[in-house]
Every structure is written in structure tokens, then in C-alpha cells.
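Working notes for the structure below.
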Amino acid sequence: MSPKSNEMMDNHLLQSESLTRPGPVAAESIRVESKIYDARRLAELHPGGPLFIKAFAGRDASQAFLSYHRRQFPHSSTKAKAAYERDDETVKYSKEDNQDFMELCDRVEKVLPRLSSFAPWYYYLKVAFLLCFVVTLEGYMHYNRVYSWKLSALMGLFYAWIGLNIQHDANHGAVSRYHWVNRALGASQNWIGGSAISWVHQHVVQHHMHTNDVNLDPDMAGSALIRLNPLAPLMKYHIVQHIYFFFLLA
């Protein structure tokens, strides 16, 4: 095949790829399936609060909506129409694209109904215990200026429980159907030294949308000592990382 023919084929492939690849989304908009919505307006109308809508502004939120709501996006609803901007001609979408996932959601719905899957009343007992204990312990340490390693270790343990239980569930929007409850409890991430907004962007927007993707999941970055990404350099000491990992975690 001649060089000219190769060049023509390459150009054809590039043109075909550009036609099938979804176009970019403006920073003030959000794409759901094949439709573009005004992100600010949709955030105002979203029953689950504005946080997640703002976090996905400038992005495609199709998979996020499906994974959180377990149903098709209601494009024909009054609220959706109020935020509608235009159709995205670069996206070719049909309901059959997610048929297998929706079938799975229907099966899960029979066991764990969507509107009945929020935290039960005794979850709040756990929340009250963890928060009250840490407030009391931290207040005692500061008031008496006692910063022993034992008390610090105990407080660190409770901080970890707050991070793994309260803030994680709340910042996923899974604790309550009322978004202000999730925001209030999610703010415990700020208390233990993190950032709720940064966590939502890193964990919800990036990690959960690209779980274990070696290029897009930030949790796959690992470190020089812990190799999680198969594309990262393999060092000899990584052969025992499954042993020293727990000491680093502690």
C-alpha cells in the first residue's frame, strides 16, 4: 500500500473517531446521556441538593445518575425541562445502551428499594456516640493540655471511624434523603483534617466513575512503597508490600 493510501486511511480513522467521541462539555453545563443542561439551574432544582450537580459541572454525569438513582434520567420532567439547554449531537444514546444495568437495578430494587435504603434510626445512635466521644476526648486533651500518645492514638482511631462511617456515607448522599443532613454530617470530614468538597471530587467524581482505571482512577496512584497501578515501576521490595502495607497503614 502506498504512503498516500496510508495517509488517507489514517485521516479516515481520525475523522471516524472524532464523530463517535463525545464532544466537550462547557464548564457551566452538564451532560446527561445525549442532552445538555444548565448546571446552575439543575443544581437549584435537584432534590438531592446542589453539591453533586456542581461537582459534575463541565462533565458527563450519565453514569453517575444511573449509579446513584438506579433509574433512567427523567428528561421529560418539569424540573429537567427548566434546566434543558440543547441536545448534544456528538452523543448517540438509546435506552438499550444500559439495558443490562437497568435489569440489575430492577433485581436490586426488590431486595433494597431505593427510597428505603437510607440510614435507619440506630445509625444515628452510632453517629452520636462517635461524635460525642471525640468531642469529649478532644476537649479533655486541650483543656488539660494532656497530649499523650495513648490518648492521641485513641482519638486517631475514632477519627478513622468517623471518616470510614459518618463522612463517607454522608458525602455519598446515602445517610438521608434530606441533602442538608448529608451535608452536615459530611462536614465531619473537615473536622478530622480533610475536605468534604475535595473528597467528593476525588472519590465520587473520579474514583467511583473510573474505579480501578489505571489512567483515570486517582486511587490507583499508590506511592513509591505501595504499588497499586500495574503501569508503575516494579521494585524488588514490592514482593513483600502485602506485609509491610499494614504497618504503613497503622
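The values are calculated or read from the model by the stated rules, or taken from the named source; none is laboratory data. Because the structure is a prediction, the values reported are computed rather than measured. Counting neighbours? That spans all protein chains shown, and the Cβs are built from the backbone with ideal geometry, glycine included. Surface accessibility is based on the protein's heavy atoms, side chains included, excluding ligands, DNA and RNA. Shrake-Rupley method; radii C 1.70, N 1.55, O 1.52, S 1.80 Å.
Which of H168, H142, H46 moves the most in a Gaussian network model of the chain with Cα springs under 10 Å? Ranking H168, H142, H46 by mean-square fluctuation puts H142 first.
Computed from the Cβ-Cβ distance with R0 of 22 Å, the FRET efficiency linking A221 to N190 stands at 0.45. How high is the FRET efficiency between S34 and R107 when r is their beta carbon distance and R₀ equals 30 Å, given to the nearest 0.05? Efficiency, from the Cβ-Cβ distance: 0.70. How would you classify the range 134-205 from its alpha-carbon gyration tensor, with a ≥ b ≥ c the square roots of the eigenvalues: rounded for a/c under 1.5, else prolate if a/b is greater than b/c, otherwise oblate? Since a/c reaches 1.5 and a/b is larger than b/c, the shape of the range 134-205 is classed as prolate. For the set K79/K126; K54/K95; K126/K150; K81/K110, the pairs lying more than 27 angstrom apart at their alpha carbons are K79/K126; K81/K110. Distance between the 7 Å Cα→Cβ label points at F133 and E89: 6.1 nm. Just the protein heavy atoms count here, and of the accessible area of the range 86-212 at 1.4 Å, carbon and sulfur take up 61 percent. Ligands, DNA and RNA aside, S76 has an accessible area near 100 Å² when probed at 1.4 Å. Taking the chain as a Gaussian network of alpha-carbon nodes connected by springs under 10 Å, the highest mean-square fluctuation of the residues P233, P47, P74 belongs to P233. Applying 1/(1 + (r/R0)^6) with R0 = 30 Å to the Cβ-Cβ distance of R145 and Y124 gives a FRET efficiency near 0.35. Summed over the residues of the chain and divided among them, the accessible surface reaches 66 Å² per residue at a probe radius of 1.4 Å. Given in Å, the Rg to one decimal and the Dmax to the nearest whole number for the Cα atoms of the chain are 23.2, 83.
Just how large is the dipole of the range 119-250 about the Cα centre, in debye to the nearest 20, putting +1 at every Lys and Arg Cβ and -1 at every Asp and Glu Cβ?
That gives the range 119-250 a dipole magnitude of about 280 debye.
Note on the chain: GNM, Cα springs under 10 Å; of R114, R21, R59, the largest mean-square fluctuation is that of R21.
Give the whole-number value, in cubic angstrom per residue, of the convex hull volume spanned by the C-alpha atoms of the range 91-230.
Dividing the Cα hull volume of the range 91-230 by its residue count gives 177 Å³.
One Cα centroid belongs to the range 50-71, the other to the range 156-200; the line between them spans 19 Å.
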